[in-house]
Amino acid sequence: MGEEVGGRLRRLRAERGLTQRELAEPHYTAAYVSSVETGARTPSGDALRHFAARLGVDTGELLGVTSPRDDVRLDLDIAAAAAEFLAGNGSAPQMRRLVRRAEKIGRDRQAGLAWLWLARFTEGDARSRLVAAAEAALGDDIPPYREVAAALRANVLIGRGEPHHAMHLLRTALDASLDRHPHPVLLLTLHAYLADGRLRLGETAQAAHHAGEALRLSRGDEEILTELTGNQHRLAETYLADGRVADAVAAVSVLHDLLHERALRPVLARCLFARALARRADDPEGALADLRASRAAVPDHAVTLELADVCRDLGRLDDAAALLAEAAEAIPADSPHSASLTFQQGSLALARGDLESAEAGFAHAIDVAALRDARGVLAASIDKAGELLRDQGRSEEAADLLRRGLLLLGAEEDVPK
């Protein structure tokens, strides 16, 4: 083995125009390199990693256990397994086998990418462990790979109820990427997760800013990305079959970028939602288009309710009614969205001039919002119900409603009559 490694070391060093001293420094000597190249000594694992890093290759290439063609084949197999995940047919055991295959030949990047795919499609505590495995594998890699793992770590933190920590992690990664490694898909990822996190924190303006950046960088909807992914996979396979390994390597890199962008579909749907909230006041038609696209990408109760609200504001009452009817069937009674649903039902009745149904709807919304501690919906329901009563000349009932509402919102019990 020593002779074989030595011969490969000598060849790769010569190809790169390095002297034995340049290859050895700073940890080894030229004499040590010479002894390895002649087969007199077998390099240690640390020495192999040092030489591989100086030569810009993997240790597997020095050991002769893999070739660039093998690397491309591994990347294509990971891409095929990832595409199965995206199609809803993913096999965790298959992806784990690819992890072990990558680890066996010292391919940390491929192992890290496979761990990331497993993490994306895993829920609960196991997801955090899978992200940690990806972070460990990609820890010494270049930012476009390393920071994708950081983005998923932030997503785990958001799910755990630590959005502020997540936002700091994402913002730090974004600043570093903009400064030194502005990789388009990495920037897309970081902006998308920042938009989602800011939206969860109620910071609509900041969420809309990051959402706009993410949507500007995205290459299209799911249909377009699926087509591009299939074309790119076939291109990489063709290059590999023709022996054009360097071209195949470049094609595989683009392929993985496309797959990663497809995996962002749920968070990009949230970006459309965030942008719609910001556009609603000045561009309701644009907000309507964003909400419809968001709902088509990933069904979400909050998006459906917002879409119904915009339809009502635009006078499309039948569309609003259809959306609310659909939501009423889908939203459980104990859901946080149930308060918004009852408020919207009252608002739709008011828009149609059905004052009796509107009054009953707002009264029900007050009860549900108080039960679910939905303070924003509670305040809006009290305001609308009070306005409705005053418009009918029922000022005393409106005052009683206001006092009740203030108590529900936490005012002192000695609110003056």
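For the chain, the relative contact order is 7 percent, taking Cα pairs closer than 8 Å that sit 6 or more residues apart in sequence and dividing their mean separation by the residue count.
Between Arg180 and Asp313, the FRET efficiency estimated from the beta carbon spacing at R0 = 35 angstrom works out to 0.20. Here the peptides 75-82, 211-218 are ranked by packing, the mean other Cβ count within 10 Å, and the order with the highest first is 75-82, 211-218. By a 1.4 Å probe calculation restricted to protein chains, His191 has an accessible surface near 10 Å², given to the nearest 10. How many angstrom lie between the C-alpha centres of the range 105-126 and the range 258-320? The distance from the Cα centre of the range 105-126 to that of the range 258-320 comes to 31 Å.
Note on Ala363/Arg73: beta-carbon distance plugged into 1/(1 + (r/R0)^6) with R0 of 60 Å gives a FRET efficiency of 0.35. If the segment from Ser253 to Arg11 were pulled out straight at 0.36 nm per residue, it would be longer than the present Cα-Cα gap by 84.4 nm. On a per residue basis, the chain carries 49 Å² of accessible surface, using protein heavy atoms and a 1.4 Å probe.
Pairwise Cα separations in the range 289-417 fall into 5 Å bins from 0 onward with the following percentages, short to long: 2, 11, 20, 22, 18, 13, 8, 4, 2, 1, 0. Sequence-ordered 3J(HN,Hα) estimates for the range 227-238 from the Karplus curve with 6.51, -1.76 and 1.60 and θ = phi - 60° stand at 5, 4, 4, x, 4, 5, 5, 5, 5, 4, 4, 5 Hz, glycine and proline given as x. Paramagnetic label reach from Asp221 (point 7 Å along Cα→Cβ; backbone nitrogen cut-off under 14 Å): within the range 283-313, residues 289-299. Estimated from the Cβ-Cβ distance and a Förster radius of 25 angstrom, the FRET efficiency linking Ser395 and Arg352 is about 0.50. Length gained on full extension, Ala246 to His168: 24.3 nm, using 0.36 nm per residue less the C-alpha separation. Straightening the chain between Val57 and Asn89 buys 8.1 nm, computed as 0.36 nm per residue apart minus the Cα-Cα spacing. Estimated translational diffusion coefficient (Stokes-Einstein, Kirkwood radius over Cα pairs, 37 °C, 0.692 mPa s) of the chain: 130 µm² per second. Projected onto their three principal axes, the Cα atoms of the range 183-292 cover extents of 56, 23, 17 Å, largest first.
The values are calculated or read from the model by the stated rules, or taken from the named source; none is laboratory data. Fair warning: this is a prediction, and the values are worked out from it, not measured in the lab. Cβ atoms come from the backbone with ideal geometry, glycine included; neighbour counts cover every protein chain shown. In case anyone asks, the SASA skips ligands and DNA or RNA and just uses the protein heavy atoms, side chains included. Shrake-Rupley method; radii C 1.70, N 1.55, O 1.52, S 1.80 Å.
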